[in-house]
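So the structure is just underneath, and the comments pick up after that.
The values are calculated or read from the model by the stated rules, or taken from the named source; none is laboratory data. Because the structure is predicted, anything quoted here is derived from the model rather than measured. Methodologically, a virtual Cβ is constructed for each residue, glycine included, from the backbone with ideal geometry; neighbour enumeration extends over all protein chains shown. Just the protein is used for accessible areas: all its heavy atoms, side chains included, with ligands, DNA and RNA removed. Shrake-Rupley method; radii C 1.70, N 1.55, O 1.52, S 1.80 Å.
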Amino acid sequence: MRTNIPSLTNNLMIAGTMSGVGKSLLTAGLCRIYSRRGYRVAPFKSQNMALNSTVTPDGGEIATSTALQALACGREPSVEMNPILLKPTKDTASQVIINGKAEETLSAAEYFRIKGKLLPIIKESYYKLARDNDIVFIEGAGSVCELNLMKNDIVNLGFAAVVDAPVLLVGDIDRGGIFAQLYGSIALLDKPDRERIRALVVNRFRGDERLFSDGVEILKQRTRRPVAGVLPMMQLDLPEEDSLSRRLERNDISDIDIAVAGLPHISNYTDFLQLERYPEVSVRYVHSVADFQKPDMVIIPGTKNTIRDLRWLKKSGLSDLIKKYAGRLPVIGICGGYQMLGEVIRDPDGVEEGGEEEGLGLIPMITELSPEKTTVRTDGILANGMKASGYEIHAGISSFTREAEHLFLTSDGRECGYIDRKGRIAGTYMHGFFDSAEITDSLVHSLAREKGVRVETHYTSNLSEENSRELDRLSYMMEEKLDMDLIDSIIFRSGMS
């Protein structure tokens, strides 16, 4: 496992002292910097655990964070960039997606037993990227020194050794204990792994960074590593790692209030980023009847366990509230939420929970879950003539029980949603439906007119364009604050001893 294999290209691993220190965005920023300099760059994360995923052009499923890094490189995402994706379905089990395709659902113990066997698949993906690019930026996962997981490590220093990658170690000063984070991580490692760490980054510093100059010197002395930079706390409007997102805890109410059911196994809540960008709009994730209050619209989002979350929706009392207000205010379901709005969900093959569960009955539709998973990019025309584009990720086939109005048809003539005649109840399998500036702007201003409030904000750029601008902001800040000569020397090996 730890045998070094010469790298086919220049590379750098961005590893962290713990989860949520900013590895994903630092990787994205470096991808943007070096692609802007004219290098052909690719991101890579061998194993990702996330509920936010997207679909590649060839129909593979990868983590949204990796797709964002691909956007930073100015290219389409590919399954080679994230060959192993774990999507939690229960507290102790995850669906294992290999090379973009769902394989099986395994417990943590079962996955740990097979993890080492996935290395050949991961290496094949990495070397394909390495052959086609000048630089590969490799994102680690969690903590760089989980000592109990070092055996058969396929995502942190174990993989760095396989592909002979130097490592940039990132710590989060905002969470406290930066010296313990960085020095402690290095001190706990064996010598070969320790020597692979070439420099440190202090992330999310608040205030005047000159006040931390003594701290930088202490880190240099204790770790015997250069500090590549102290990055400031920066508010970025970009997708976050789902398990740590503060978005799910927001409860402020604005002129236009949108309540999203806070399902326990919520997935792809990145669907609502474009809505969140409006200062006049609040997107709240409600978890109880007390949270519900008086929203102007309700959304039931995607989920990785539709039947279990439908049962939770009923137990919480939210389903009764949604049915009570449906028709008086707009109710929209996305993917699993769309299935929940139907009459019944059946699971004859035990894809999730087995058996069947009665839906909310707001859409004349029956869904049957199946082992075969649909992952496809989708585009089409809405009933009002607007264009929609996004992607589908679902295990289920839905059929209407009576003649129904279609929210839109795909470009190949396929039904991909429902809307009632009054335009108050709708659903679609399409993720990314709200990424369109035209669709979202029309919706927000329609809600404002109905409520009699004024919304000044108008967006004309789609979510990907907004994300691209935010990535520019991030990369320019990083280029200013990081010692880029040092990072160049590490990537291109001129600084390797």
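Which condition breaks for Leu182 when tested against (1) assigned to a helix (DSSP H, G or I); (2) hydrophobic (A, V, I, L, M, F, W, C); (3) open to solvent by 30 Å² or more (accessible area, probe 1.4 Å)? Answer for Leu182: the failing condition is (3). Checking each residue in segment 117-156 for being farther than 20 Å from Leu189 by Cα and open to solvent by less than 20 Å² (accessible area, probe 1.4 Å) picks out Leu118, Ile122, Ser125, Tyr126, Leu129, Ala130, Asn133, Ile135, Val136, Phe137.
Take segment 469-480 and flag every residue that is open to solvent by less than 50 Å² (accessible area, probe 1.4 Å), among the hydroxyl-bearing types (Ser, Thr, Tyr) and farther than 12 Å from Cys31 by Cβ. Hits for segment 469-480: nothing passes.
Assess whether Ala165 counts as being of a type outside the set (Ser, Thr, Tyr), over 19 Å from Ser53 (Cα atoms) and not in a helix (DSSP H, G or I). Judged against the criteria, Ala165 is a match. The residue that is farthest from Glu343 (Cα to Cα), counting only those in segment 290-312 that are in a strand (DSSP E or B) and aliphatic (A, V, I, L, M), is Met297. Among the residues in segment 279-286, are any of a type in the set (Gly, Ala, Ser), more than 26 Å from Thr17 (Cβ to Cβ) and either open to solvent by 60 Å² or more (accessible area, probe 1.4 Å) or at pLDDT 95 or above (or both)? Within segment 279-286 (the criterion being of a type in the set (Gly, Ala, Ser), more than 26 Å from Thr17 (Cβ to Cβ) and either open to solvent by 60 Å² or more (accessible area, probe 1.4 Å) or at pLDDT 95 or above (or both)), the answer is yes, since at least one residue qualifies.
Can Ile307 be described as touching a residue at least 24 places away in the same chain (Cβ under 8 Å) and under 23 Å from Lys87 (Cβ atoms)? Here the answer is yes, as Ile307 does meet what is asked. Put simply, of Val260, Val289 the only residue that is modelled with pLDDT of 95 or more, open to solvent by 60 Å² or more (accessible area, probe 1.4 Å), among the β-branched types (Val, Ile, Thr) and under 24 Å from Asp320 (Cβ atoms) is Val289.
Rundown of residues vs (1) within 22 Å of Asp134 (Cβ to Cβ); (2) at pLDDT below 95, yes/no style:
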{"position": "Thr9", "(1), (2)": "yes, yes"}
{"position": "Lys23", "(1), (2)": "yes, no"}
{"position": "Arg32", "(1), (2)": "yes, no"}
{"position": "Gly38", "(1), (2)": "yes, no"}
{"position": "Ser53", "(1), (2)": "no, yes"}
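Consider segment 71-116 and keep the residues that are assigned to a loop (DSSP other than H, G, I, E, B) and either of a type in the set (Gly, Ala, Ser) or modelled with pLDDT under 90 (or both). The one that is least open to solvent (accessible area, probe 1.4 Å) is Gly100. Counting the residues of segment 27-46 that are open to solvent by 10 Å² or more (accessible area, probe 1.4 Å) and under 18 Å from Arg473 (Cα atoms) gives 4.
Exactly one residue out of Ser370, Ser446, Ser399, Ser411 is polar (S, T, N, Q), open to solvent by less than 40 Å² (accessible area, probe 1.4 Å) and either in contact with a strand residue (DSSP E or B) (Cβ under 9 Å, 6 or more places away or on another chain) or on the phi < 0 side of the Ramachandran plot (or both): that is Ser370.
Confirm whether Asp435 is of a type outside the set (A, V, I, L, M) and more than 23 Å from the chain's Cα centre (by Cα). Answer is no for this residue.
For segment 373-396, a residue qualifies if it is over 19 Å from Asn52 (Cα atoms) and open to solvent by 10 Å² or more (accessible area, probe 1.4 Å), and the qualifying residues are Asp379, Ile381, Leu382, Ala383, Asn384, Gly385, Met386, Lys387.
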